[in-house]
Amino acid sequence: MAKHKKQQYEGVVYSTAEDFDYSPFGELATQETLPNQQQQLRVGLDRKSRKGKVVTIVEGFKGQESDLEVLAKHLKQKCGVGGSAKDGVILIQGDFKKKIIDMLSADNYKVKGFGG
């Protein structure tokens, strides 16, 4: 069985520009984290592709991954459950929609609920 190599220049086929400089996806400029008052977060529940188990989703975070991880850790500790954070989305195991909305509102985030 052959191992698949990850393509180094993903998405780039060919460029005729003489001043073209390929910058790998991981080396993009990091985005500054917005203050809490400017964050517009959405909190909802999801069951899809999770074998019927409920997960609380917090999405819409704008900023660095390290700040997202800190917020996720804070929410997981307050709820006393596990979860994960990546790509601007925090997943918290269980139905904690109301509790998370209250916690984020107390921390001056703009929060809206969605879904059931």
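For Ser66, the shell of other residues with beta-carbons less than 15 Å away shows a net charge of -2, using +1 for Lys and Arg and -1 for Asp and Glu. Remark: the Asp21-Ser105 segment gains 25.9 nm on full extension, using 0.36 nm per residue and subtracting the alpha carbon distance. Fully extending the segment from Ser84 to Glu69, taken as 0.36 nm per residue of separation minus the present Cα-Cα distance, adds 4.6 nm.
Given a cut-off of 24 Å, name the pairs among Lys53/Lys110; Lys62/Lys112; Lys51/Lys110 whose C-alpha atoms lie farther apart than that in the structure shown. Long pairs (Cα-Cα over 24 Å): Lys53/Lys110; Lys51/Lys110. Once the cut-off is 13 Å, how many percent of the Cα-Cα pairs in segment 66-116 end up in the long-distance tail? The proportion of pairs with Cα distances above 13 Å equals 58 percent.
Residues in segment 77-101 near a label at Asn36, defined as backbone nitrogen under 19 Å from the 7 Å Cα→Cβ point? Counting backbone N atoms under 19 Å from the label point, the list is 77-80, 90, 97-101.
Cβ under 11 Å from Lys78's Cβ, Lys78 left aside: what net charge do those residues give with Lys, Arg +1 and Asp, Glu -1? After counting each charged neighbour, the total is +1.
Within the full protein context, the accessible area of Thr16 is estimated at about 120 Å² for a probe radius of 1.4 Å.
Within segment 31-116, the trypsin sites (Lys or Arg not before Pro) that combine a DSSP coil assignment with at most 10 other C-beta atoms in a 10 angstrom radius are Lys48, Lys51, Lys53.
The values are calculated or read from the model by the stated rules, or taken from the named source; none is laboratory data. A quick note: this is a predicted structure, and the numbers were derived from the prediction, not measured. When we count neighbours, we look across all protein chains shown, and the Cβ atoms used for this are built from the backbone with ideal geometry, even at glycine. The protein model used for the area step is the full one, side chains on, heavy atoms only, and it has no ligands, DNA or RNA in it. Shrake-Rupley method; radii C 1.70, N 1.55, O 1.52, S 1.80 Å.
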